[in-house]
Amino acid sequence: MRARDRAAVSALRATLAALDNAEAVPLDETAPRAAALEASPVGAGATEAARRELSEEEMVDVVRAEAAERLEAAAHLTAPAHADRAERLRTEAAVLLRFVDGAEGTARSA
């Protein structure tokens with residue numbers, strides 16, 4: 001991908017963040033939130049949080065949701081002053097859908 005393609009880079013960065021958020025495990029509401037400093041974990045990886053592993057279908061759903069969000073936002077930008085922003089959002093959505101459609105096409109042919 002070219003470094004000049006800002007719309008694609010922006011869409012992919014935001015979607016990677018959305019995928020990362022989707023992998024987060026919800027916090028246990030019953031777990032204590034604070035403890036004594038001496039009782040805190042120590043060592044490499046002691047503060048790492050558990051992550052879910054998304055299936056391919058779940059990842060595709062997240063990417064499609066990101067594209068849909070952009071298309072919806074673009075539809076709301078009707079003022080002529082926002083035409084550039086709306087076009088950029090539509091371009092970002094097209095980039096995301098191209099990745100999803102390409103991935104599904106490869107999975108079907110396999």
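Given R₀ = 25 Å, what would the calculated FRET efficiency be for SER10 paired with ALA50, taking r from the Cβ atoms and rounding to 0.05? Each step should come with its number before you reach the end.
On the way: r = 30 Å, r/R0 = 1.18.
The value I calculate is 0.25.
Available extension along the chain between ALA83 and GLU23 is 18.2 nm, counting 0.36 nm per residue and deducting the alpha carbon span. Given a 1.4 Å probe and the protein chains as shown, ARG64 ends up with an accessible area of around 90 Å².
If we sort 13-26, 82-95 on the protection proxy, mean other Cβ atoms within 10 Å, highest first, what's the order?
On the way: 13-26: 12.7, 82-95: 17.3.
Ranked by mean Cβ neighbours within 10 Å, highest first: 82-95, 13-26.
Here the Karplus curve 6.51 cos²θ - 1.76 cosθ + 1.60, taken at θ = phi - 60°, turns the phi angles of region 82-87 into couplings of 9, 4, 5, 5, 5, 5 Hz, with x standing for Gly and Pro.
The values are calculated or read from the model by the stated rules, or taken from the named source; none is laboratory data. Since the structure is predicted, the reported quantities are computational estimates derived from the model, not experimental observations. Please note: Cβ atoms are built from the backbone with ideal geometry, for glycine as well, and neighbour counts cover all protein chains shown. Side chains are part of the model used for accessible areas, which takes the heavy atoms of the whole protein and leaves out ligands, DNA and RNA. Shrake-Rupley method; radii C 1.70, N 1.55, O 1.52, S 1.80 Å.
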